[in-house]
Amino acid sequence: MCGIVGYIGKGDAKTVVLQGLEKLEYRGYDSAGIAVIKDSKIMIEKKKGKLKNLENHLENLDLESHIGIGHTRWATHGEPSDRNSHPHFTEDMSIAVVHNGIIENYATLKSELIQKGYNFTSDTDTEVVAHLIHSIYEGDLFSALTKALKLLRGSYALGVIHKDFPNEIICTRKDSPLVIGLGENENLIASDVPAILKYTKNVYFLEDGDIARLTADNVEIFDKTLVPVEREIKVIEWDYEQATKGGFPHFMIKEIFEQPKSIEETLNRRIHDGIIDFSDVLTEDEIKKFNMIHIVACGTAYHAGLQGQYALREISGVNSLVEIASEYRYMNPFVDENTLAIFVSQSGETLDTLAALKEAKARGAKTIAITNVVGSTISREAHKTIYTMAGPEIAVASTKAYTTQVIILQLLSIYLAEKKGRISKEKASDFIKELYSVSEKIKTTLDNVDIIKDVAEFMKDKHNGFYIGRGVDFATALEGSLKMKEITYIHTEAFPAGELKHGSIALIEPGTPVVVVAMQTNLLEKTISNIKELKARGAHIVTVARNSCLEAKEVSDEFIGVGEIDDVFSVLLAVIPLQLLSYFTSIKKGIDVDKPRNLAKSVTVE
Ligand code: F6R
């Protein structure tokens with residue numbers, strides 16, 4: 001939610017900041033802006049809309065400088081506009097600030113500052129930070145910021161510059177991510193690693209409350225008590241190329257096609273010599289002790305949690321509850337030291353999930369994060385972390401992160417089942433073989449997308465539709481429906497296949513699209529009956545099922561076949577055509593598929 005970048009060094013700050021912002025647009029694209037220091041003056045340019053608008057505006061402007069900060073915004077306080085864009089600044093143009101997060105007590109601070117004579121030019125919470133630092137400033141920017149932080153409530157990653165300190169950027173973070181990139185005679189700050197990968201792979205992940213001072217050749221970090229600290233330098237494993245489109249027209253399709261590889265890498269990370277290993281996150285004693293597993297997440301990650309719950313029940317016989325993170329913390333959850341609480345988050349930064357984690361931890365649960373981003377806030381807050389190996393996911397709609405989250409939860413279910421003596425070693429190794437066969441089977445779907453493109457042609461003119469499935473197919477349908485909504489703006493809803501007739505079937509008219517997921521063998525006959533009920537009312541049936549499922553083929557208007565797979569893992573094949581269907585429908589509608597309206601990749605507000 002909002003992306004910030006800062007640069008100080010031998011290069012041209014404007015170029016580096018704009019390149020960085022391009023990699024962070026997934027965090028918001030309501031407006032973009034940049035501030036540099038040139039000839040002892042702060043110069044600021046900002047534009048409403050996507051980064052391209054700012055880039056066009058800057059084309060003929062001379063902003064050459066060795067220091068700059070930039071921002072791409074996802075609006076919270078104040079409409080998207082030039083005026084509300086960051087950087088925000090003081091009236092005398094001495095201080096400029098970029099901010100990711102929310103200043104919760106901004107209204108009180110604002111009225112105090114107005115009483116002191118400060119004039120505000122935006123509706124944002126961030127502007128108070130600039131004026132507040134100014135009101136405290138006595139010739140030392142670092143010290144003014146540290147004093148201002150004591151008065152701020154909320155979440156923030158901040159980058160601050162002052163015209164009288166043209167050789168330093170000050171930055172800090174609390175509950176919002178911030179990394180420092182360490183280059184040669186240049187240093188950078190950013191909300192996320194892809195923004196700085198072109199310049200360096202060596203980074204510091206700041207801890208909550210850290211404040212840092214960057215010059216071109218030095219980085220000093222202080223903890224929240226202002227004691228100088230050494231943070232470990234992490235070397236990023238993936239490279240800049242992985243954060244580019246690599247020949248694909250969009251990140252989303254690239255990421256869909258990367259799934260065979262990301263699934264294999266996630267399996268390889270956890271399976272050694274044919275044996276699943278989670279001993280780094282769970283001890284044998286803990287496995288015996290836990291009588292309940294909570295899986296907590298938002299959106300697509302929540303849907304991965306539902307798949308995990310099914311695997312836990314079917315394979316390991318373990319009782320579990322899946323909850324939406326924004327509800328969990330306020331529902332007075334039954335969670336204690338006998339609960340294992342698992343938090344699933346691609347970004348590792350989702351505020352709702354983070355808050356839920358803190359709640360479970362405070363009530364004594366053992367917490368495990370499943371995340372894709374090394375060093376993310378959730379990974380640091382949890383007792384233990386399991387990393388998915390999806391690589392950077394840039395498209396706003398999650399695809400490869402989802403399938404790798406599902407794989408981790410399925411592996412965990414097999415691991416627990418074996419440890420609890422519920423399945424034999426042989427059975428566990430059969431499951432593992434089945435999971436290893438998934439990548440090749442996905443490739444077959446990816447090689448045959450024409451039928452999916454045809455269905456997309458039909459979908460593109462529809463305004464609403466349904467996704468249905470029985471058992472865990474319903475969880476798969478939920479994910480398919482969310483994907484369709486977020487990138488095509490077609491209103492779809494997912495239902496357990498037997499539930500439509502209890503009311504919502506009234507919405508079916510001739511031509512209403514109904515996407516059916518029919519992968520549960522023991523429920524197939526029932527699902528087919530539901531298809532017939534819908535067809536009798538004119539619905540246009542698009543079924544995703546095994547190629548061999550002739551019964552489903554016969555009753556469907558369109559049939560998308562996938563390979564053979566154990567029912568319990570079926571989502572790994574069934575979700576691929578659903579992702580592709582949304583993608584192709586979005587393209588046919590001319591939507592900016594990687595950056596659909598109103599969304600952002602990383603949701604760091606409640
Ligand atoms: C949908 C999507 C979102 C995220 C949700 C949680 O495609 O990406 O629903 O899954 O916002 O985000 P993370 O996983 O980063 O916590």
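The values are calculated or read from the model by the stated rules, or taken from the named source; none is laboratory data. As the structure is a computational prediction, the values presented were derived from the model and not from experiment. Neighbour counts run over all protein chains shown; Cβ positions are idealised from the backbone, glycine included. Accessible surface is based on the protein model in full, side chains and every heavy atom, while ligands, DNA and RNA are left aside. Shrake-Rupley method; radii C 1.70, N 1.55, O 1.52, S 1.80 Å.
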Q: Kindly state which strands (runs of 3 or more DSSP E) lie completely within the range 1-108 and contain at least 1 residues that are free of Cβ contacts under 8 Å to residues at least 60 places away in the same chain and open to solvent by 10 Å² or more (accessible area, probe 1.4 Å).
A: 31-38, 41-48
Q) Taking interchain pairs and intrachain pairs at least six residues apart, which have beta carbon atoms under 7 angstrom, with the first residue in the range 436-447 and modelled with pLDDT of 95 or more and the second open to solvent by 50 Å² or more (accessible area, probe 1.4 Å) and of a type in the set (Asp, Glu)? A) Ser439/Glu264
Q: Being without any contact (Cβ under 8 Å) to a residue 12 or more places away in the chain, in a helix (DSSP H, G or I) and not aliphatic (A, V, I, L, M) is the filter; apply it to the range 109-140 and report the residue that is surrounded by the most Cβ atoms within 10 Å (Cβ to Cβ).
A: Glu112
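Looking at Thr367, Thr339, which one is out of contact with any helix residue (DSSP H, G or I) (no Cβ under 6 Å at 6 or more places or on another chain) and of a type outside the set (Asp, Glu)?
On the way: Thr367 fails: out of contact with any helix residue (DSSP H, G or I) (no Cβ under 6 Å at 6 or more places or on another chain).
Being out of contact with any helix residue (DSSP H, G or I) (no Cβ under 6 Å at 6 or more places or on another chain) and of a type outside the set (Asp, Glu) holds for just one of Thr367, Thr339, which is Thr339.
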Q.
Would you confirm, using the coordinates I've provided, whether Gly247 is more than 16 Å from the ligand (Cβ to nearest atom) and open to solvent by 30 Å² or more (accessible area, probe 1.4 Å)?
A. yes
(Q) So if I check each of His463, His502, which one is more than 16 Å from the ligand (Cβ to nearest atom) and in contact with a strand residue (DSSP E or B) (Cβ under 7 Å, 6 or more places away or on another chain)? (A) His463
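Residue by residue through the range 57-105, note down the ones that are under 26 Å from Ser602 (Cα atoms) and of a type in the set (S, T, N, Q). Before the answer, list the steps.
Of all residues in the range 57-105, those under 26 Å from Ser602 (Cα atoms) come to 68-89, 96-105.
The answer is Thr72, Thr76, Ser81, Asn84, Ser85, Asn100, Asn105.
Quick check on Ser504: is it among the hydroxyl-bearing types (Ser, Thr, Tyr), over 25 Å from Ile591 (Cβ atoms) and modelled with pLDDT of 95 or more?
Here the answer is no, as Ser504 does not meet what is asked.
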Q. Consider Gly317 against the criteria (1) surrounded by fewer than 19 Cβ atoms within 10 Å (Cβ to Cβ); (2) of a type in the set (Gly, Ala, Ser); (3) closer than 16 Å to Ile368 by Cα: it satisfies all of them except one. Which criterion is unmet?
A. (3)
(Q) Testing Ala212 on (1) open to solvent by less than 30 Å² (accessible area, probe 1.4 Å); (2) in contact with a helix residue (DSSP H, G or I) (Cβ under 9 Å, 6 or more places away or on another chain); (3) of a type outside the set (Ser, Thr, Tyr), one condition comes back false. Which one is that? (A) (2)
Q) Can you tell me how many residues in the range 421-469 are in the same structural domain as Asp567 (by TED's automatic domain parsing), farther than 18 Å from Pro577 by Cα and surrounded by 17 or more Cβ atoms within 10 Å (Cβ to Cβ)? A) 1
Q: Show the residue pairs that are 6+ apart or on different chains and have beta-carbon atoms under 9 Å apart, the first residue being within the range 590-604 and of a type in the set (Asp, Glu), the second being assigned to a loop (DSSP other than H, G, I, E, B) and within 10 Å of the ligand (Cβ to nearest atom).
A: Asp594/Ala395; Asp594/Val396; Asp594/Ala397
Q: Find the residue count for the range 357-405, including only residues that are surrounded by fewer than 24 Cβ atoms within 10 Å (Cβ to Cβ), within 12 Å of the ligand (Cβ to nearest atom) and within 27 Å of Glu284 (Cα to Cα).
A: 1
Q.
If a residue must be more than 12 Å from the ligand (Cβ to nearest atom), part of a loop (DSSP other than H, G, I, E, B) and open to solvent by 20 Å² or more (accessible area, probe 1.4 Å), how many such residues does the range 327-356 contain?
A. 8
Q. Going by the conditions given, is Ile263 at pLDDT 95 or above, in a strand (DSSP E or B) and open to solvent by less than 10 Å² (accessible area, probe 1.4 Å)?
A. no
Q.
So in the range 406-420, with the set limited to residues that are open to solvent by 10 Å² or more (accessible area, probe 1.4 Å) and touching a strand residue (DSSP E or B) at 6+ places or on another chain (Cβ under 8 Å), which one is farthest from the ligand (Cβ to nearest atom)?
A. Glu418
